[in-house]
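To start, the structure itself, in structure tokens.
The values are calculated or read from the model by the stated rules, or taken from the named source; none is laboratory data. A quick note: this is a predicted structure, and the numbers were derived from the prediction, not measured. All Cβ positions, glycine included, derive from the backbone under ideal geometry; neighbour counts span all protein chains shown.
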Amino acid sequence: MKRRLSAILSIMLLISGVSAQQRNATPLLKYDENKSLSWEEAISFYSDLDKKYTEATLMEMGMTDAGRPLHLFIISSDGETDPAEIRRQGKTIVLINNGIHPGEPEGIDASARFAADLLANRDRMKKYLRNCSVAIIPVYNIGGALTRSRYWRINQNGPEEKGARRNTRFLDLNRDFVKQDSRDAKAFAEIFQFLDPDLFLDTHTTNGSDHQFTVTLIATQPEKMHPEMEKYFREKMLPELYSRMKEEHGNEMVPYVQYTERGDIKAITGFEEEAYYSTGYSALFNSFGFMTETLVYKPYHDRVIGTLQFITELVRFGSQNSKEILKLRSDANRHLLAAKEYVLDWEQDTTRWDEIQYHGYSYDQTTTPITGRKSGFYNHEKPYSETIRYYNYFRPAITVTVPDAYVVPFAWEEVIRRLEVNGVHMKQLQHDTTITVETYYIDGFEPARRATQGHYFNSKVNLRTVTQEVDFFRGDYLVPVNQKSKRYIITMLEPQSASGFFAWNFFDSFLEGQDWYSVWGFESHLKELLDHDPALREAFEKAKQSDTNVASDPVAQLQWLYQHTPASELEKRTRLYPVARLMDAGDMFNAGN
Ligand SMILES: [Zn+2]
């Protein structure tokens with residue numbers, strides 16, 4: 001899985017000694033000339049760093065849909081690459097993911113610059129890597145990066161050439177973190193589970209707004225964290241990152257500008273992240289997650305520098321506050337195990353907000369020169385600054401009680417595989433067995449009319465909960481909930497979850513009836529059926545007296561009879577959600593069942 005690319009060469013270089021000039025050479029980086037690294041150049045760049053420095057290691061981790069392996073680059077002051085050992089030394093791990101949308105390549109160039117500068121300067125390295133290791137995914141969406149064109153993201157201010165948004169299978173990888181249709185997402189999960197990063201950054205470019213800021217920031221939804229982590233995030237980490245960007249770099253940053261109305265921006269709303277987004281995924285594992293979204297209209301060079309400044313501040317923070325961060329996360333992981341309730345869905349709390357300084361442009365009207373369209377635009381001649389509201393508080397919309405375990409039948413292989421990839425420990429039943437479990441009947445749901453990401457997304461799920469005995473079979477999977485991947489388990493297995501397997505159609509086949517009866521065939525068996533079941537005959541006679549529909553309609557009589565035979569039990573199963581909730585596991589996790 002891992003491959004130390006050139007340990008021997010590194011040693012040789014160490015012995016021969018590398019001059020300062022060689023150390024600083026980064027000939028491939030050309031963001032000053034409005035150019036971005038291609039995938040091949042990026043890998044060659046990191047491969048050179050791996051050869052030059054014992055502190056740096058380039059590894060291959062898993063395969064992508066592009067038929068090329070996903071690379072991971074790790075920098076530690078002592079060259080350590082084993083996350084358990086790094087953590088044992090009291091260091092945090094920062095993971096930076098780049099090129100998920102290769103048309104938004106700032107992070108690809110900024111991370112390369114950051115790594116090269118850090119490695120070339122021992123004083124800098126001491127400062128930043130004292131209590132922190134940095135892991136970089138040079139280019140995540142390799143398929144998109146290989147398809148370069150000057151015409152992708154056509155209204156973006158550079159670079160000259162950039163990759164496509166979608167991956168080789170036309171999937172948007174920033175919707176694929178939990179359902180994992182792509183090999184890319186599985187390889188990413190492998191990296192994420194391997195590192196268990198304390199801080200996670202996913203780098204992007206936004207075209208959703210226009211204002212004076214170069215860097216906008218999506219920070220993970222704070223309420224998703226344990227209250228102590230949330231407090232630390234809101235009161236220390238975020239204010240410090242914002243203030244360092246402004247004071248140290250003179251590059252004031254703003255929360256991602258998701259506005260409430262077009263025109264002059266009066267308020268910004270917080271990003272409600274589903275688990276299928278990068279920061280939503282990292283939140284499932286109690287990592288502090290960020291997405292930088294630099295503004296598409298600013299020059300490419302400025303966007304790279306802005307991203308570089310944020311990376312620098314994030315790593316600095318991770319190193320300086322390693323003790324607190326590690327403690328907060330380990331406490332949060334412990335508290336998570338004890339939690340009996342879990343919030344599946346959140347909604348914006350419109351009664352609470354913070355005030356922030358906003359530097360925008362006035363919204364004017366114009367007639368466009370080529371098409372003659374009348375259009376609104378943000379007038380760069382008319383900058384303004386104003387205090388505006390930032391709505392970034394959420395309250396629970398759907399909460400579920402946490403079972404001791406879920407039971408996933410062996411048949412749902414695609415589900416089992418994804419649970420495994422995301423670090424979930426399971427146990428297979430040793431014998432066929434009947435278990436009293438809480439089950440869901442799906443009474444209603446709405447499949448999307450058009451496909452998104454190759455799925456007809458199910459929403460508006462209406463459930464009925466029934467506790468009953470269900471037959472399970474040898475080989476079915478018992479999934480204990482109280483483990484590190486607890487949030488992933490609940491998020492993915494609860495059918496009301498907008499990120500879950502039910503929403504993404506993994507379970508759709510159970511919704512369809514398979515057996516039924518033919519009117520002619522059933523009629524010929526009726527006499528025999530009723531002769532052998534006097535109770536059924538009696539109930540049938542009663543139904544004919546009490547229900548005028550049954551009395552008057554022969555087809556309704558057949559329907560009534562079918563529904564009152566054991567055969568109909570099979571049909572009732574068609575709406576019985578296949579994953580059961582075991583509320584009290586007793587000694588099932590230990591027993592040799
Ligand atoms: Zn993006």
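Being buried (at least 19 other Cβ atoms within 10 Å of the Cβ) and closer than 24 Å to Thr54 by Cβ narrows it down to one of Ala145, Ala112, Ala164, Ala84, so name that one.
So the residue among Ala145, Ala112, Ala164, Ala84 that is buried (at least 19 other Cβ atoms within 10 Å of the Cβ) and closer than 24 Å to Thr54 by Cβ is Ala112.
Give the residues of the range 185-223 that are among the charged types (D, E, K, R) and either more than 13 Å from the chain's Cα centre (by Cα) or in a loop (DSSP other than H, G, I, E, B) (or both), sorted by residue number.
Glu190, Asp196, Asp198, Asp210, Glu223
Return the residues of the range 224-255 that are in contact (Cβ under 8 Å) with a residue 12 or more places away in the chain and assigned to a loop (DSSP other than H, G, I, E, B); say none if nothing qualifies.
Met225, His226, Glu248, His249, Asn251, Glu252, Met253
Could you check, for the range 302-312, whether at least one of its residues is within 30 Å of Lys327 (Cβ to Cβ) and within 16 Å of the ligand (Cβ to nearest atom)?
Yes: one or more hits.
Each row is one residue, and each column tells you yes or no for (1) among the hydroxyl-bearing types (Ser, Thr, Tyr); (2) closer than 15 Å to Glu41 by Cβ.
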position: Ile93; (1), (2): no, no
position: Ile96; (1), (2): no, no
position: Ile108; (1), (2): no, yes
position: Ser111; (1), (2): yes, yes
position: Ala115; (1), (2): no, yes
position: Asp123; (1), (2): no, no
position: Cys132; (1), (2): no, no
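Go through the range 143-184 residue by residue and tally those that are outside any loop (DSSP other than H, G, I, E, B) and aromatic (Phe, Trp, Tyr).
Qualifying residue count, the range 143-184: 0.
Taking the range 94-113, which residues are away from the ligand (no atom under 11 Å from the Cβ), within 25 Å of the chain's Cα centre (by Cα) and assigned to a helix (DSSP H, G or I)?
Ile108, Asp109, Ala110, Ser111, Ala112
I need the full set of residues from the range 407-441 which are farther than 19 Å from Val466 by Cβ and of a type in the set (A, V, I, L, M, F, W, C), in order please.
The answer is Phe410, Ala411, Trp412, Val415, Ile416, Leu419, Val421, Val424, Met426, Leu429.
Scan the range 458-476 for residues that are buried (at least 16 other Cβ atoms within 10 Å of the Cβ) and under 24 Å from the mean Cα position of the chain (by Cα) and jot them down.
Asn458, Val461
Would you check if Ile370 is out of contact with any Asp or Glu (no Cβ under 8 Å at 6 or more places or on another chain) and in contact (Cβ under 8 Å) with a residue 40 or more places away in the chain?
no
Taking the condition at pLDDT 95 or above and within 16 Å of the ligand (Cβ to nearest atom), does Ile86 pass?
Criteria not met by Ile86.
Looking at Phe502 and the list (1) aromatic (Phe, Trp, Tyr); (2) closer than 30 Å to Tyr277 by Cα; (3) at pLDDT below 95, which single condition is not satisfied?
Checking Phe502 against (1) aromatic (Phe, Trp, Tyr); (2) closer than 30 Å to Tyr277 by Cα; (3) at pLDDT below 95, the one that fails is (3).
State whether the residues of the range 162-180 include one that is within 15 Å of the ligand (Cβ to nearest atom) and over 25 Å from Gly289 (Cα atoms).
Checking the range 162-180: at least one residue is within 15 Å of the ligand (Cβ to nearest atom) and over 25 Å from Gly289 (Cα atoms).
Among the listed residues Arg88, Arg130, Arg113, which satisfies the condition of being over 24 Å from Glu293 (Cα atoms) and in contact with a helix residue (DSSP H, G or I) (Cβ under 8 Å, 6 or more places away or on another chain)?
Arg130
Would you please name the residue that is nearest to the ligand (Cβ to nearest atom), looking only at residues in the range 118-152 that are over 24 Å from Lys298 (Cα atoms) and without any contact (Cβ under 8 Å) to a residue 12 or more places away in the chain?
For the range 118-152, the residue satisfying everything is Arg124.
Step by step: first the residues of the range 186-213, then only those that are surrounded by fewer than 21 Cβ atoms within 10 Å (Cβ to Cβ) and within 16 Å of the ligand (Cβ to nearest atom), then the one that is modelled with the lowest pLDDT. Which residue is that?
Among them, the one singled out is Gly208.
Mind checking which pairs have a first residue in the range 190-213 that is more than 19 Å from Thr64 (Cβ to Cβ) and a second that is of a type in the set (Gly, Ala, Ser) and within 16 Å of the ligand (Cβ to nearest atom), Cβ under 6 Å, 6 or more apart or different chains?
Taking only residues 6 or more apart or on different chains, the pairs are Phe200/Ser282; Phe200/Gly289.
Would you confirm, using the coordinates I've provided, whether Tyr140 is under 20 Å from Ser287 (Cβ atoms) and assigned to a loop (DSSP other than H, G, I, E, B)?
yes
Can you find a residue in the range 393-408 that is modelled with pLDDT of 95 or more and more than 21 Å from Gly500 (Cα to Cα)?
yes
So which of Arg334, Arg316 ends up being touching a Cys at 6+ places or on another chain (Cβ under 9 Å), away from the ligand (no atom under 16 Å from the Cβ) and either within 24 Å of Pro105 (Cα to Cα) or of a type in the set (D, E, K, R) (or both)?
Sole residue among the options that is touching a Cys at 6+ places or on another chain (Cβ under 9 Å), away from the ligand (no atom under 16 Å from the Cβ) and either within 24 Å of Pro105 (Cα to Cα) or of a type in the set (D, E, K, R) (or both): Arg316.
Yes/no per residue for (1) part of a loop (DSSP other than H, G, I, E, B); (2) assigned by TED's automatic domain parsing to the domain that holds Phe188; (3) within 16 Å of Pro102 (Cα to Cα):
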| position | (1), (2), (3) |
| --- | --- |
| Leu37 | yes, yes, yes |
| Thr54 | yes, yes, no |
| Glu60 | no, yes, no |
| Leu72 | no, yes, no |
| Gly79 | yes, yes, no |
